[in-house]
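Q: Before anything else, here's the structure in question.
The values are calculated or read from the model by the stated rules, or taken from the named source; none is laboratory data. None of the values given here were measured: they were computed from a predicted structure. Cβ placement follows ideal geometry from the backbone for every residue including glycine, while neighbour counts extend to all protein chains displayed.
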């Protein structure tokens with residue numbers, strides 16, 4: 001079947017281009033909104049101050065001003081740096097974020113690529129950023145950067161495990177790796193026969209949800225898991241030699257990844273773009289409402305991530321590893337076993 | 001046995017969230033948000049901060065009281081006070097008396113680009129010639145302009161607030177700022 005838009009028939013490449021551009025626009029808009037809402041305003045209110053107020057009404061254009069500032073700065077590559085690798089590293093980190101977005105559904109057909117193994121793809125691509133960070137740390141020819149990159153690698157690998165294991169519980173419940181099927185399973189599910197709000201997996205998988213959020217916090221290297229970029233001991237870890245637009249790319253990647261993980265979490269645990277099937281809204285309505293629903297859920301979850309980030313101080317390196325290996329991984333393994341048993345029993 | 005307590009993490013999250021809401025809704029949750037009222041900070045160029053009366057803003061000089069004794073210049077840790085004076089004769093206090101020999105100030109400069117606002121000069125002055133003023137808006141484009149000469153220092157005198165009253169029962173009388 002050839003897809004049509006407003007009666008026009010589209011070739012495959014035209015359709016894909018439109019999907020990618022819309023996806024990019026949504027990603028950048030959400031990221032900018034999240035930065036303004038939480039990084040500029042919410043944290044300021046937590047600290048009894050107002051945050052940016054000058055650029056635009058209530059400082060809403062502050063982010064544009066910051067981007068303009070970073071673009072003007074000199075892009076320095078240190079003399080001893082491995083120049084190609086050094087310049088490539090931020091692009092890889094950013095690309096791993098963008099690719100994650102490709103499979104997150106925002107409506108009945110609003111998804112760039114509807115992969116059968118969607119959640120597997122998301123988790124694999126999020127792991128790709130480790131490569132970029134290691135490249136950055138090594139190529140900077142700076143001991144702080146190298147230490148930061150090694151810490152980041154250790155942390156990201158340690159927390160990748162609970163992240164994946166927490167997702168397994170959802171996959172067992174939904175009986176699918178496809179994100180659209182996971183959304184549909186939540187929307188059409190029922191809690192002991194009552195389908196008033198469907199069956200969002202946050203209710204049955206609350207343990208998995210908590211572990212997922214903790215692991216996401218660590219994957220994003222947000223405080224209290226910000227050992228890799230600890231500014232008081234490592235200056236800024238693997239970002240120490242970056243300046244100008246390349247530093248900006250790391251900045252964008254950090255917050256875009258926060259949005260991406262929040263969108264994944266809201267898809268897996270909060271029902272994604274769908275409203276409960278029993279409310280009787282057809283696909284036509286959900287084409288419009290779906291993206292709004294999933295954006296709202298994702299923005300709320302990013303809020304939780306930032307709330308924790310701006311409240312808690314940094315862990316020590318050994319505490320950080322102990323939390324993952326001795327605490328989160330055993331619990332998530334137990335969660336898988338219990339979910340599996342309950343799935344067979346009911 | 002200790003009472004069961006909320007984990008510190010939850011308590012901390014509660015504190016930050018509470019502060020955020022108190023900043024956003026200073027009039028209570030049902031009133032419209034007014035963060036500019038709830039914030040503890042002041043939006044400086046639009047509204048001026050009211051500094052405390054004893055705030056160390058700038059040092060004022062009462063030129064007539066200065067005897068060029070050089071105590072302040074010698075005690076200054078940064079050596080940022082420059083004093084030059086010459087001897088001269090002042091008219092006698094009483095009619096028919098001998099003219100008095102006094103030091104007249106030629107130069108009394110304080111370099112505020114060096115000053116570290118320790119206040120030792122104000123403390124050490126035995127003749128009540130140096131005072132703290134809470135004025136703070138005297139930034140300059142060129143660093144040389146931060147060197148205030150004695151006429152500029154004298155202009156700060158009218159911004160010096162009266163001394164705070166001491167605690168009741170104090171045996172020392174509160175000094176008056178010479179006007």
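Q: When you scan segment B:74-92, how many residues do you find that are touching a strand residue (DSSP E or B) at 6+ places or on another chain (Cβ under 7 Å) and farther than 16 Å from residue B:104 by Cα?
A: 2
Q: For segment B:1-33, what are the residues that are in contact with a helix residue (DSSP H, G or I) (Cβ under 9 Å, 6 or more places away or on another chain) and more than 11 Å from chain A (Cβ to nearest Cβ)?
A: Of everything in segment B:1-33, those that are in contact with a helix residue (DSSP H, G or I) (Cβ under 9 Å, 6 or more places away or on another chain) and more than 11 Å from chain A (Cβ to nearest Cβ) turn out to be B:5, B:6, B:27, B:29.
Q: Taking the conditions exactly as written (surrounded by fewer than 11 Cβ atoms within 10 Å (Cβ to Cβ), more than 13 Å from chain A (Cβ to nearest Cβ) and either more than 25 Å from residue A:51 (Cβ to Cβ) or under 19 Å from the mean Cα position of the chain (by Cα) (or both)), does residue B:62 satisfy them or not?
A: no
Q: Right, another one. Tell me, yes or no, whether segment B:152-173 has at least one residue that is in a strand (DSSP E or B) and buried (at least 16 other Cβ atoms within 10 Å of the Cβ).
A: No; the residues of segment B:152-173 include none that is in a strand (DSSP E or B) and buried (at least 16 other Cβ atoms within 10 Å of the Cβ).
Q: Can I ask one more? Quick one: is residue A:169 touching a helix residue (DSSP H, G or I) at 6+ places or on another chain (Cβ under 8 Å) and buried (at least 24 other Cβ atoms within 10 Å of the Cβ)?
A: yes
Q: In segment B:135-156, how many are more than 19 Å from residue B:80 (Cα to Cα) and at pLDDT 90 or above?
A: So the answer is 1.
Q: Are any residues in segment A:108-133 surrounded by fewer than 21 Cβ atoms within 10 Å (Cβ to Cβ), in contact (Cβ under 8 Å) with a residue 24 or more places away in the chain and in a helix (DSSP H, G or I), and if so, which ones?
A: A:120, A:123, A:125, A:127, A:131
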